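Structure first, commentary second.
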Amino acid sequence: MNGNDAYRRLSFWHDTVPGSLDPATQLTEDTEAEVAIAGAGLTGLWTAYYLSKAIPGIEIVIVEREIAGFGASGRNGGWCSALFPASLSKLERMAGREAAVAMHRAMQQTVDEVGKVSSEEGIDCHWAKGGTVQFARSPAQLQRARDEVAEARLFGFGESDVALLTAEQARDFGQASDVLGGVFTPHCAAIHPARLVRGLAGLLRSRGVRIYEGTEVTRIEPGRLVTSGGTVSARHVIRATEGYTPGLPGARRAIVPVYSLVVATAPLPDAMLDQVGLAARPTFCDLRHLIIYGQRTADGRLVFGGRGAPYHFRSAVRPSFDRVPAVFAALRSTLIELFPVLEDVAITHAWGGPIGIARDWCASVGLDAATGIGWAGGYVGDGLSTTNLAGRTLADLIAGNDTEITRLPWVGHRSPAWEPEPLRWLGVNAGLRVMSWSDRAETKTGRPSRAAAAFGRFTGS
Ligand SMILES: Cc1cc2nc3c(=O)[nH]c(=O)nc-3n(C[C@H](O)[C@H](O)[C@H](O)COP(=O)(O)OP(=O)(O)OC[C@H]3O[C@@H](n4cnc5c(N)ncnc54)[C@H](O)[C@@H]3O)c2cc1C
(Lines give C-alpha, C1' and ligand atoms only; values in the text may rest on other atoms or scores of the structure.)
Protein backbone atom coordinates (compact mmCIF):
# COMPACT_ATOMS: atom_id res chain seq x y z
CA MET A 1 0.00 0.00 0.00
CA ASN A 2 1.45 3.40 -0.91
CA GLY A 3 1.34 6.48 1.32
CA ASN A 4 -1.59 7.98 -0.57
CA ASP A 5 -3.80 4.90 0.00
CA ALA A 6 -2.88 4.61 3.67
CA TYR A 7 -3.53 8.29 4.40
CA ARG A 8 -6.85 8.25 2.47
CA ARG A 9 -8.09 5.73 5.08
CA LEU A 10 -7.53 8.14 7.95
CA SER A 11 -11.00 9.71 7.70
CA PHE A 12 -13.88 10.62 5.40
CA TRP A 13 -12.19 13.99 4.92
CA HIS A 14 -8.87 12.46 3.84
CA ASP A 15 -10.76 10.10 1.55
CA THR A 16 -12.44 12.99 -0.27
CA VAL A 17 -9.78 15.71 -0.28
CA PRO A 18 -8.44 16.60 -3.75
CA GLY A 19 -4.78 15.94 -4.61
CA SER A 20 -2.29 13.23 -3.75
CA LEU A 21 -1.59 12.35 -0.13
CA ASP A 22 1.82 10.86 -0.87
CA PRO A 23 4.36 12.35 1.54
CA ALA A 24 6.43 15.19 0.07
CA THR A 25 10.17 15.67 0.46
CA GLN A 26 11.83 14.40 3.64
CA LEU A 27 14.56 16.32 5.41
CA THR A 28 17.88 14.55 4.77
CA GLU A 29 20.50 17.03 5.95
CA ASP A 30 21.09 19.84 8.43
CA THR A 31 19.57 23.13 7.42
CA GLU A 32 18.91 26.67 8.64
CA ALA A 33 15.88 28.93 8.77
CA GLU A 34 14.63 31.92 10.73
CA VAL A 35 11.67 29.98 12.14
CA ALA A 36 11.39 26.20 12.50
CA ILE A 37 8.05 24.61 13.30
CA ALA A 38 7.36 21.06 14.57
CA GLY A 39 4.04 19.80 13.19
CA ALA A 40 2.14 20.61 9.99
CA GLY A 41 -1.36 20.85 11.41
CA LEU A 42 -3.29 24.10 11.41
CA THR A 43 -1.27 25.57 14.31
CA GLY A 44 1.99 25.20 12.41
CA LEU A 45 0.56 26.16 9.03
CA TRP A 46 -1.37 29.25 10.22
CA THR A 47 1.77 30.43 12.04
CA ALA A 48 3.76 30.13 8.81
CA TYR A 49 0.96 31.78 6.80
CA TYR A 50 0.78 34.91 8.97
CA LEU A 51 4.55 35.10 9.44
CA SER A 52 5.16 35.03 5.71
CA LYS A 53 2.66 37.87 5.31
CA ALA A 54 4.11 39.91 8.17
CA ILE A 55 7.75 39.43 7.14
CA PRO A 56 7.94 38.82 3.37
CA GLY A 57 10.79 36.50 2.43
CA ILE A 58 11.23 35.09 5.95
CA GLU A 59 12.78 31.59 5.86
CA ILE A 60 10.39 29.08 7.47
CA VAL A 61 10.83 25.32 7.77
CA ILE A 62 8.04 23.01 8.94
CA VAL A 63 8.87 19.44 9.93
CA GLU A 64 6.05 16.87 9.92
CA ARG A 65 6.35 13.20 10.89
CA GLU A 66 3.56 12.07 8.53
CA ILE A 67 1.88 14.43 6.04
CA ALA A 68 0.45 17.93 6.44
CA GLY A 69 -3.04 17.53 7.93
CA PHE A 70 -2.37 14.02 9.28
CA GLY A 71 -3.40 14.95 12.83
CA ALA A 72 -6.56 16.43 14.32
CA SER A 73 -6.57 19.28 11.79
CA GLY A 74 -7.43 16.93 8.93
CA ARG A 75 -9.84 14.63 10.72
CA ASN A 76 -12.00 16.73 13.04
CA GLY A 77 -15.74 17.37 13.10
CA GLY A 78 -15.46 20.47 10.91
CA TRP A 79 -16.92 22.94 13.41
CA CYS A 80 -15.11 26.22 12.76
CA SER A 81 -16.56 27.74 15.91
CA ALA A 82 -15.99 30.57 18.38
CA LEU A 83 -15.78 28.05 21.23
CA PHE A 84 -12.85 28.49 23.60
CA PRO A 85 -12.16 25.77 26.17
CA ALA A 86 -12.14 28.19 29.15
CA SER A 87 -15.57 29.68 29.92
CA LEU A 88 -16.17 33.40 30.39
CA SER A 89 -16.41 32.96 34.18
CA LYS A 90 -13.19 31.00 34.32
CA LEU A 91 -11.33 33.57 32.22
CA GLU A 92 -12.74 36.31 34.43
CA ARG A 93 -11.28 34.52 37.47
CA MET A 94 -7.95 34.17 35.64
CA ALA A 95 -7.59 37.63 34.12
CA GLY A 96 -10.59 39.85 34.81
CA ARG A 97 -13.85 40.58 33.07
CA GLU A 98 -12.54 42.73 30.22
CA ALA A 99 -9.95 40.15 29.24
CA ALA A 100 -12.56 37.37 29.33
CA VAL A 101 -14.85 39.28 26.97
CA ALA A 102 -11.93 40.21 24.69
CA MET A 103 -10.94 36.54 24.41
CA HIS A 104 -14.42 35.42 23.41
CA ARG A 105 -14.88 38.34 20.99
CA ALA A 106 -11.51 37.49 19.40
CA MET A 107 -12.75 33.94 18.88
CA GLN A 108 -15.88 35.21 17.12
CA GLN A 109 -13.73 37.34 14.80
CA THR A 110 -11.48 34.36 14.18
CA VAL A 111 -14.34 32.38 12.65
CA ASP A 112 -14.77 35.13 10.05
CA GLU A 113 -11.02 35.42 9.55
CA VAL A 114 -10.83 31.73 8.56
CA GLY A 115 -13.73 32.25 6.12
CA LYS A 116 -12.14 35.38 4.68
CA VAL A 117 -8.69 33.87 4.17
CA SER A 118 -10.00 30.67 2.64
CA SER A 119 -12.12 32.64 0.20
CA GLU A 120 -9.37 35.16 -0.67
CA GLU A 121 -6.77 32.44 -1.12
CA GLY A 122 -9.03 30.21 -3.20
CA ILE A 123 -9.17 27.36 -0.66
CA ASP A 124 -12.55 25.72 -1.19
CA CYS A 125 -13.23 24.18 2.22
CA HIS A 126 -17.01 23.90 1.69
CA TRP A 127 -17.51 26.85 4.05
CA ALA A 128 -21.10 27.27 5.30
CA LYS A 129 -21.61 29.70 8.18
CA GLY A 130 -24.91 28.34 9.43
CA GLY A 131 -24.17 28.78 13.16
CA THR A 132 -24.60 26.09 15.80
CA VAL A 133 -27.82 24.73 17.24
CA GLN A 134 -27.60 22.94 20.59
CA PHE A 135 -30.73 20.91 21.24
CA ALA A 136 -31.99 20.62 24.82
CA ARG A 137 -33.52 17.14 25.05
CA SER A 138 -34.23 16.72 28.79
CA PRO A 139 -35.20 19.09 31.60
CA ALA A 140 -31.60 19.02 32.85
CA GLN A 141 -30.32 19.98 29.39
CA LEU A 142 -32.90 22.74 29.18
CA GLN A 143 -31.60 24.15 32.47
CA ARG A 144 -28.06 24.12 31.07
CA ALA A 145 -29.32 25.96 27.98
CA ARG A 146 -30.80 28.67 30.22
CA ASP A 147 -27.62 28.84 32.31
CA GLU A 148 -25.44 29.18 29.23
CA VAL A 149 -27.46 32.07 27.84
CA ALA A 150 -27.67 33.73 31.27
CA GLU A 151 -23.89 33.59 31.64
CA ALA A 152 -23.43 35.14 28.18
CA ARG A 153 -25.83 37.96 29.09
CA LEU A 154 -23.91 38.70 32.31
CA PHE A 155 -20.87 39.41 30.13
CA GLY A 156 -22.77 41.58 27.66
CA PHE A 157 -23.32 39.06 24.86
CA GLY A 158 -26.76 39.68 23.35
CA GLU A 159 -29.34 37.86 21.26
CA SER A 160 -27.24 38.23 18.13
CA ASP A 161 -24.45 36.24 19.81
CA VAL A 162 -26.44 33.55 21.58
CA ALA A 163 -30.20 33.02 21.77
CA LEU A 164 -32.39 30.71 23.84
CA LEU A 165 -34.75 28.76 21.58
CA THR A 166 -38.21 27.35 22.16
CA ALA A 167 -38.74 23.74 21.12
CA GLU A 168 -40.38 24.90 17.89
CA GLN A 169 -37.56 27.31 17.07
CA ALA A 170 -34.97 24.61 17.73
CA ARG A 171 -36.83 22.16 15.46
CA ASP A 172 -36.84 24.79 12.70
CA PHE A 173 -33.06 24.28 12.53
CA GLY A 174 -33.18 20.48 12.58
CA GLN A 175 -35.83 17.86 13.24
CA ALA A 176 -34.15 16.20 16.23
CA SER A 177 -36.21 14.03 18.58
CA ASP A 178 -37.40 14.91 22.11
CA VAL A 179 -36.51 18.58 21.72
CA LEU A 180 -37.63 20.82 24.59
CA GLY A 181 -35.71 23.93 23.53
CA GLY A 182 -32.19 24.89 22.64
CA VAL A 183 -29.50 27.48 22.11
CA PHE A 184 -28.40 29.06 18.84
CA THR A 185 -25.26 30.99 18.02
CA PRO A 186 -24.42 32.29 14.55
CA HIS A 187 -20.67 32.14 15.26
CA CYS A 188 -19.80 28.83 13.60
CA ALA A 189 -19.20 27.50 10.11
CA ALA A 190 -19.31 23.89 8.96
CA ILE A 191 -16.28 23.06 6.83
CA HIS A 192 -14.40 20.18 5.19
CA PRO A 193 -11.29 20.35 7.42
CA ALA A 194 -8.89 18.37 5.21
CA ARG A 195 -9.60 20.74 2.31
CA LEU A 196 -8.62 23.64 4.57
CA VAL A 197 -5.43 22.15 5.97
CA ARG A 198 -4.21 20.60 2.71
CA GLY A 199 -5.14 23.76 0.79
CA LEU A 200 -3.17 25.87 3.24
CA ALA A 201 -0.13 23.58 3.02
CA GLY A 202 -0.19 23.79 -0.81
CA LEU A 203 -0.46 27.58 -0.67
CA LEU A 204 2.50 27.86 1.71
CA ARG A 205 4.66 25.64 -0.49
CA SER A 206 3.85 27.84 -3.47
CA ARG A 207 5.07 30.80 -1.39
CA GLY A 208 8.40 29.25 -0.55
CA VAL A 209 7.75 27.74 2.89
CA ARG A 210 9.66 24.46 3.13
CA ILE A 211 7.46 21.66 4.52
CA TYR A 212 9.35 18.42 5.11
CA GLU A 213 7.09 15.39 5.55
CA GLY A 214 7.90 11.90 6.78
CA THR A 215 10.44 13.44 9.16
CA GLU A 216 10.20 13.12 12.93
CA VAL A 217 11.19 15.86 15.35
CA THR A 218 13.01 14.05 18.15
CA ARG A 219 13.94 17.07 20.31
CA ILE A 220 12.98 20.73 20.56
CA GLU A 221 15.83 22.85 21.95
CA PRO A 222 16.63 26.56 22.04
CA GLY A 223 17.80 27.44 18.53
CA ARG A 224 17.11 24.06 16.92
CA LEU A 225 14.78 21.25 16.01
CA VAL A 226 16.56 17.92 16.10
CA THR A 227 14.91 15.57 13.59
CA SER A 228 15.29 12.07 12.17
CA GLY A 229 16.75 13.62 8.99
CA GLY A 230 19.00 16.39 10.29
CA THR A 231 18.97 19.45 12.53
CA VAL A 232 17.10 22.63 11.67
CA SER A 233 18.83 25.63 13.25
CA ALA A 234 16.61 28.68 13.76
CA ARG A 235 16.29 31.68 16.05
CA HIS A 236 12.69 30.70 16.79
CA VAL A 237 11.37 27.15 17.16
CA ILE A 238 7.69 26.41 17.57
CA ARG A 239 6.02 23.35 19.09
CA ALA A 240 2.78 22.74 17.17
CA THR A 241 2.20 19.08 17.97
CA GLU A 242 -1.03 19.24 20.08
CA GLY A 243 -2.29 15.72 20.97
CA TYR A 244 1.08 14.19 20.07
CA THR A 245 3.08 16.51 22.37
CA PRO A 246 3.62 13.93 25.18
CA GLY A 247 5.83 11.96 22.77
CA LEU A 248 8.46 14.72 22.86
CA PRO A 249 11.21 14.64 25.49
CA GLY A 250 10.36 16.87 28.45
CA ALA A 251 6.70 17.30 27.45
CA ARG A 252 5.11 14.05 28.65
CA ARG A 253 2.88 15.82 31.19
CA ALA A 254 2.18 19.00 29.21
CA ILE A 255 -1.19 17.84 27.89
CA VAL A 256 -3.18 14.61 27.85
CA PRO A 257 -4.30 13.15 24.53
CA VAL A 258 -7.96 12.16 24.76
CA TYR A 259 -9.56 10.45 21.79
CA SER A 260 -12.58 11.81 19.96
CA LEU A 261 -14.23 9.45 17.46
CA VAL A 262 -16.40 10.18 14.42
CA VAL A 263 -18.71 8.41 11.93
CA ALA A 264 -19.98 9.56 8.52
CA THR A 265 -23.14 8.35 6.85
CA ALA A 266 -23.62 7.72 3.15
CA PRO A 267 -25.13 10.72 1.30
CA LEU A 268 -28.77 10.96 2.37
CA PRO A 269 -31.55 10.90 -0.24
CA ASP A 270 -33.25 14.30 -0.70
CA ALA A 271 -36.49 13.17 0.97
CA MET A 272 -34.56 12.10 4.06
CA LEU A 273 -32.57 15.33 4.12
CA ASP A 274 -35.88 17.21 4.12
CA GLN A 275 -36.92 15.26 7.20
CA VAL A 276 -33.61 15.91 8.98
CA GLY A 277 -33.49 19.64 8.18
CA LEU A 278 -30.19 21.44 8.94
CA ALA A 279 -30.65 23.03 5.52
CA ALA A 280 -28.33 25.98 6.20
CA ARG A 281 -25.78 23.45 7.51
CA PRO A 282 -25.73 24.63 11.15
CA THR A 283 -23.46 22.42 13.21
CA PHE A 284 -25.45 20.57 15.88
CA CYS A 285 -25.23 18.81 19.22
CA ASP A 286 -27.30 18.40 22.34
CA LEU A 287 -26.47 19.60 25.83
CA ARG A 288 -25.34 16.29 27.35
CA HIS A 289 -22.13 16.22 29.40
CA LEU A 290 -20.12 13.82 27.23
CA ILE A 291 -19.69 15.97 24.16
CA ILE A 292 -21.25 15.06 20.80
CA TYR A 293 -21.00 17.09 17.61
CA GLY A 294 -22.40 16.87 14.09
CA GLN A 295 -22.59 18.58 10.75
CA ARG A 296 -24.41 18.11 7.45
CA THR A 297 -21.72 17.99 4.78
CA ALA A 298 -21.76 19.74 1.43
CA ASP A 299 -22.57 16.38 -0.24
CA GLY A 300 -25.54 15.70 2.06
CA ARG A 301 -24.09 13.28 4.64
CA LEU A 302 -24.13 13.59 8.39
CA VAL A 303 -20.73 13.54 10.06
CA PHE A 304 -21.18 12.85 13.75
CA GLY A 305 -18.66 12.50 16.54
CA GLY A 306 -18.22 12.33 20.27
CA ARG A 307 -15.90 11.56 23.14
CA GLY A 308 -16.11 8.36 25.14
CA ALA A 309 -13.04 6.43 24.00
CA PRO A 310 -10.67 5.69 26.89
CA TYR A 311 -7.55 7.66 27.76
CA HIS A 312 -4.50 5.43 27.31
CA PHE A 313 -1.89 4.85 30.02
CA ARG A 314 1.17 7.14 29.88
CA SER A 315 -0.59 9.36 27.29
CA ALA A 316 0.01 6.80 24.56
CA VAL A 317 -1.07 7.70 21.03
CA ARG A 318 -1.30 4.87 18.47
CA PRO A 319 -3.09 4.40 15.14
CA SER A 320 -5.06 1.47 16.62
CA PHE A 321 -6.64 3.85 19.20
CA ASP A 322 -8.36 5.76 16.36
CA ARG A 323 -10.88 2.97 15.95
CA VAL A 324 -13.02 1.63 18.80
CA PRO A 325 -15.94 -0.43 17.43
CA ALA A 326 -18.01 -0.04 20.64
CA VAL A 327 -17.72 3.76 20.47
CA PHE A 328 -18.61 3.78 16.76
CA ALA A 329 -21.71 1.67 17.56
CA ALA A 330 -22.67 4.07 20.36
CA LEU A 331 -22.24 7.05 18.03
CA ARG A 332 -24.42 5.41 15.39
CA SER A 333 -27.18 4.68 17.89
CA THR A 334 -27.01 8.21 19.37
CA LEU A 335 -27.30 9.65 15.86
CA ILE A 336 -30.35 7.48 15.16
CA GLU A 337 -31.83 8.42 18.53
CA LEU A 338 -31.44 12.09 17.52
CA PHE A 339 -32.77 11.58 13.97
CA PRO A 340 -34.78 8.30 13.91
CA VAL A 341 -35.28 8.65 10.16
CA LEU A 342 -31.63 7.56 9.77
CA GLU A 343 -32.35 4.04 11.09
CA ASP A 344 -31.30 2.23 7.88
CA VAL A 345 -28.64 4.61 6.63
CA ALA A 346 -25.19 3.11 6.00
CA ILE A 347 -22.14 4.36 7.88
CA THR A 348 -19.42 4.64 5.24
CA HIS A 349 -16.51 5.96 7.33
CA ALA A 350 -15.46 5.76 10.98
CA TRP A 351 -12.29 7.22 12.46
CA GLY A 352 -10.84 9.16 15.37
CA GLY A 353 -7.88 11.05 16.70
CA PRO A 354 -6.36 12.66 19.79
CA ILE A 355 -7.29 16.09 21.12
CA GLY A 356 -4.98 17.85 23.58
CA ILE A 357 -6.16 18.79 27.07
CA ALA A 358 -4.12 21.00 29.40
CA ARG A 359 -4.36 20.28 33.14
CA ASP A 360 -6.42 23.44 33.77
CA TRP A 361 -8.51 22.99 30.59
CA CYS A 362 -7.17 26.28 29.21
CA ALA A 363 -5.57 26.55 25.77
CA SER A 364 -2.46 28.69 25.56
CA VAL A 365 -0.03 30.24 23.13
CA GLY A 366 3.29 31.87 23.84
CA LEU A 367 6.88 32.58 22.96
CA ASP A 368 9.68 32.46 25.50
CA ALA A 369 11.84 35.46 24.63
CA ALA A 370 14.92 34.00 26.34
CA THR A 371 14.94 30.64 24.53
CA GLY A 372 13.08 31.57 21.33
CA ILE A 373 10.82 28.53 21.86
CA GLY A 374 7.13 29.07 21.14
CA TRP A 375 4.09 26.85 21.53
CA ALA A 376 0.34 26.74 21.09
CA GLY A 377 -2.21 24.10 22.01
CA GLY A 378 -4.38 22.50 24.67
CA TYR A 379 -7.43 23.37 22.59
CA VAL A 380 -9.61 20.60 24.17
CA GLY A 381 -11.31 19.81 20.87
CA ASP A 382 -12.01 23.44 19.96
CA GLY A 383 -8.92 24.01 17.85
CA LEU A 384 -10.18 24.30 14.31
CA SER A 385 -10.55 28.08 14.53
CA THR A 386 -8.42 28.64 17.65
CA THR A 387 -5.35 27.49 15.71
CA ASN A 388 -5.87 30.50 13.44
CA LEU A 389 -5.80 32.89 16.39
CA ALA A 390 -2.75 31.03 17.69
CA GLY A 391 -0.98 31.38 14.34
CA ARG A 392 -1.69 35.10 14.11
CA THR A 393 -0.53 35.55 17.70
CA LEU A 394 2.71 33.61 17.23
CA ALA A 395 3.43 35.62 14.08
CA ASP A 396 2.97 38.88 16.02
CA LEU A 397 5.11 37.63 18.91
CA ILE A 398 7.92 36.52 16.60
CA ALA A 399 7.74 39.78 14.63
CA GLY A 400 7.86 41.66 17.96
CA ASN A 401 4.51 43.38 17.41
CA ASP A 402 2.49 44.35 20.48
CA THR A 403 -1.12 44.00 19.27
CA GLU A 404 -4.62 43.49 20.65
CA ILE A 405 -4.29 39.74 20.20
CA THR A 406 -0.90 39.46 21.91
CA ARG A 407 -2.59 40.93 25.00
CA LEU A 408 -5.33 38.27 25.22
CA PRO A 409 -5.36 36.29 28.47
CA TRP A 410 -4.29 32.96 26.95
CA VAL A 411 -1.02 34.47 25.69
CA GLY A 412 1.87 33.36 27.88
CA HIS A 413 -0.50 31.38 30.11
CA ARG A 414 1.27 28.36 31.63
CA SER A 415 -0.94 25.41 32.54
CA PRO A 416 0.31 23.18 35.34
CA ALA A 417 1.72 19.76 34.47
CA TRP A 418 -0.60 16.73 34.63
CA GLU A 419 -0.16 14.28 37.50
CA PRO A 420 2.30 11.40 37.08
CA GLU A 421 0.87 7.96 36.26
CA PRO A 422 -1.12 6.09 37.45
CA LEU A 423 -2.97 9.11 38.88
CA ARG A 424 -3.38 10.65 35.43
CA TRP A 425 -4.90 7.48 34.00
CA LEU A 426 -7.24 7.07 36.97
CA GLY A 427 -8.34 10.72 36.99
CA VAL A 428 -8.96 11.15 33.26
CA ASN A 429 -10.81 7.87 32.82
CA ALA A 430 -12.86 8.47 35.99
CA GLY A 431 -13.86 11.86 34.55
CA LEU A 432 -14.96 10.27 31.27
CA ARG A 433 -17.00 7.67 33.19
CA VAL A 434 -18.65 10.33 35.38
CA MET A 435 -19.76 12.22 32.28
CA SER A 436 -21.44 9.24 30.66
CA TRP A 437 -23.03 8.00 33.94
CA SER A 438 -24.36 11.51 34.52
CA ASP A 439 -25.92 11.64 31.07
CA ARG A 440 -27.63 8.29 31.65
CA ALA A 441 -28.87 9.40 35.09
CA GLU A 442 -30.21 12.69 33.70
CA THR A 443 -32.09 10.86 30.95
CA LYS A 444 -33.74 8.69 33.62
CA THR A 445 -34.49 11.33 36.26
CA GLY A 446 -34.60 14.56 34.25
CA ARG A 447 -32.63 16.23 37.04
CA PRO A 448 -29.16 17.82 36.65
CA SER A 449 -26.40 15.45 37.78
CA ARG A 450 -24.47 16.46 40.90
CA ALA A 451 -21.57 14.20 39.97
CA ALA A 452 -21.07 16.05 36.68
CA ALA A 453 -21.21 19.39 38.48
CA ALA A 454 -18.52 18.17 40.86
CA PHE A 455 -16.37 17.08 37.90
CA GLY A 456 -16.93 20.51 36.36
CA ARG A 457 -15.36 21.98 39.48
CA PHE A 458 -12.42 19.53 39.10
CA THR A 459 -11.80 20.82 35.56
CA GLY A 460 -12.20 24.39 36.74
CA SER A 461 -14.94 25.18 34.21
C1 LIG B 1 -11.95 13.54 16.01
C2 LIG B 1 -11.72 15.00 16.29
C3 LIG B 1 -12.77 15.90 16.13
C4 LIG B 1 -12.57 17.26 16.37
N5 LIG B 1 -13.57 18.15 16.08
C6 LIG B 1 -13.32 19.48 16.17
C7 LIG B 1 -14.28 20.41 15.71
O8 LIG B 1 -15.31 20.05 15.14
N9 LIG B 1 -14.01 21.74 15.91
C10 LIG B 1 -12.87 22.16 16.51
O11 LIG B 1 -12.70 23.37 16.71
N12 LIG B 1 -11.91 21.29 16.88
C13 LIG B 1 -12.10 19.96 16.70
N14 LIG B 1 -11.12 19.08 17.05
C15 LIG B 1 -9.84 19.60 17.54
C16 LIG B 1 -9.02 20.24 16.43
O17 LIG B 1 -9.04 19.44 15.28
C18 LIG B 1 -7.59 20.45 16.93
O19 LIG B 1 -7.63 21.19 18.13
C20 LIG B 1 -6.69 21.17 15.96
O21 LIG B 1 -6.80 20.62 14.68
C22 LIG B 1 -5.27 21.11 16.46
O23 LIG B 1 -4.42 21.52 15.42
P24 LIG B 1 -2.86 21.38 15.62
O25 LIG B 1 -2.21 21.84 14.38
O26 LIG B 1 -2.45 22.05 16.88
O27 LIG B 1 -2.62 19.83 15.86
P28 LIG B 1 -2.67 18.62 14.79
O29 LIG B 1 -3.58 18.90 13.68
O30 LIG B 1 -2.87 17.37 15.57
O31 LIG B 1 -1.22 18.64 14.16
C32 LIG B 1 -0.09 18.23 14.86
C33 LIG B 1 0.86 17.66 13.82
O34 LIG B 1 2.11 17.43 14.42
C35 LIG B 1 2.65 16.25 13.88
N36 LIG B 1 3.63 15.75 14.84
C37 LIG B 1 3.39 15.33 16.10
N38 LIG B 1 4.54 14.97 16.70
C39 LIG B 1 5.52 15.16 15.79
C40 LIG B 1 6.93 14.98 15.81
N41 LIG B 1 7.56 14.48 16.89
N42 LIG B 1 7.64 15.30 14.70
C43 LIG B 1 7.03 15.81 13.61
N44 LIG B 1 5.69 16.00 13.54
C45 LIG B 1 4.95 15.68 14.62
C46 LIG B 1 1.46 15.33 13.72
O47 LIG B 1 1.69 14.30 12.79
C48 LIG B 1 0.39 16.32 13.27
O49 LIG B 1 0.31 16.40 11.86
C50 LIG B 1 -11.30 17.71 16.83
C51 LIG B 1 -10.26 16.81 17.00
C52 LIG B 1 -10.46 15.46 16.73
C53 LIG B 1 -9.33 14.50 16.89
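The values are calculated or read from the model by the stated rules, or taken from the named source; none is laboratory data. No experiment lies behind these values; they were computed from the predicted model shown. Here Cβ is always computed from backbone atoms with ideal geometry, including for glycine, and neighbour counts include all displayed protein chains. Remember, those area values only see protein heavy atoms, side chains included, never the ligands or the DNA or RNA. Shrake-Rupley method; radii C 1.70, N 1.55, O 1.52, S 1.80 Å.
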Please go through the range 97-116 and give me each residue that is away from the ligand (no atom under 16 Å from the Cβ), of a type outside the set (Val, Ile, Thr) and in contact (Cβ under 8 Å) with a residue 40 or more places away in the chain, ordered by number.
ARG97, ALA99, ALA100, ALA102
LEU142, sole failed condition from (1) within 27 Å of GLY352 (Cβ to Cβ); (2) touching a Gly at 6+ places or on another chain (Cβ under 7 Å):
(1)
Identify all residues within the range 89-100 that are out of contact with any Asp or Glu (no Cβ under 6 Å at 6 or more places or on another chain) and either open to solvent by less than 10 Å² (accessible area, probe 1.4 Å) or closer than 18 Å to TRP361 by Cα (or both); write none if there are none.
SER89, LYS90, LEU91, GLU92, ARG93, MET94, ALA95, GLY96, ALA99
What pairs come up if the first residue lies in the range 46-73 and is closer than 16 Å to GLY374 by Cα and touching a residue at least 12 places away in the same chain (Cβ under 8 Å), the second is among the polar types (S, T, N, Q) and more than 12 Å from the ligand (Cβ to nearest atom), and their beta carbons are under 9 Å apart, counting only those six or more places apart or on different chains?
THR47/THR393; TYR50/THR393; ILE60/SER52; VAL61/THR31
Name the residue, out of THR47, THR28, that is surrounded by fewer than 20 Cβ atoms within 10 Å (Cβ to Cβ), over 30 Å from ASP299 (Cβ atoms) and within 16 Å of the ligand (Cβ to nearest atom).
THR28
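Identify all residues within the range 176-191 that are in contact with a Cys (Cβ under 9 Å, 6 or more places away or on another chain) and either among the β-branched types (Val, Ile, Thr) or within 14 Å of THR166 (Cα to Cα) (or both); write none if there are none. Spell out the reasoning first.
Within the range 176-191, the subset in contact with a Cys (Cβ under 9 Å, 6 or more places away or on another chain) is 188-191.
Matches in the range 176-191: ILE191 only.
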Criterion (open to solvent by less than 30 Å² (accessible area, probe 1.4 Å), closer than 20 Å to TYR49 by Cβ and in a helix (DSSP H, G or I)) met by exactly one of VAL149, VAL117:
VAL117
Evaluate the following for LEU88: is it away from the ligand (no atom under 16 Å from the Cβ), within 23 Å of PHE284 (Cα to Cα) and not acidic (Asp, Glu)?
yes
Provide a single number: the residues in the range 252-302 that are of a type in the set (Gly, Ala, Ser), within 10 Å of the ligand (Cβ to nearest atom) and surrounded by fewer than 22 Cβ atoms within 10 Å (Cβ to Cβ).
0
Sole exception among (1) part of a helix (DSSP H, G or I); (2) surrounded by 19 or more Cβ atoms within 10 Å (Cβ to Cβ); (3) of a type in the set (S, T, N, Q) for GLN143, by number
(2)
Cβ pairs under 7 Å, 6+ apart, first in the range 360-380 and closer than 11 Å to SER415 by Cβ and assigned to a loop (DSSP other than H, G, I, E, B), second open to solvent by 40 Å² or more (accessible area, probe 1.4 Å) and away from the ligand (no atom under 16 Å from the Cβ)
ASP360/PRO416; TRP361/SER461
Which condition number in (1) of a type outside the set (A, V, I, L, M, F, W, C); (2) within 10 Å of the ligand (Cβ to nearest atom); (3) open to solvent by less than 30 Å² (accessible area, probe 1.4 Å) is the one that ASP382 fails?
(3)
The one condition SER11 fails out of (1) open to solvent by less than 30 Å² (accessible area, probe 1.4 Å); (2) closer than 20 Å to GLY366 by Cα; (3) of a type outside the set (Val, Ile, Thr) is (2)
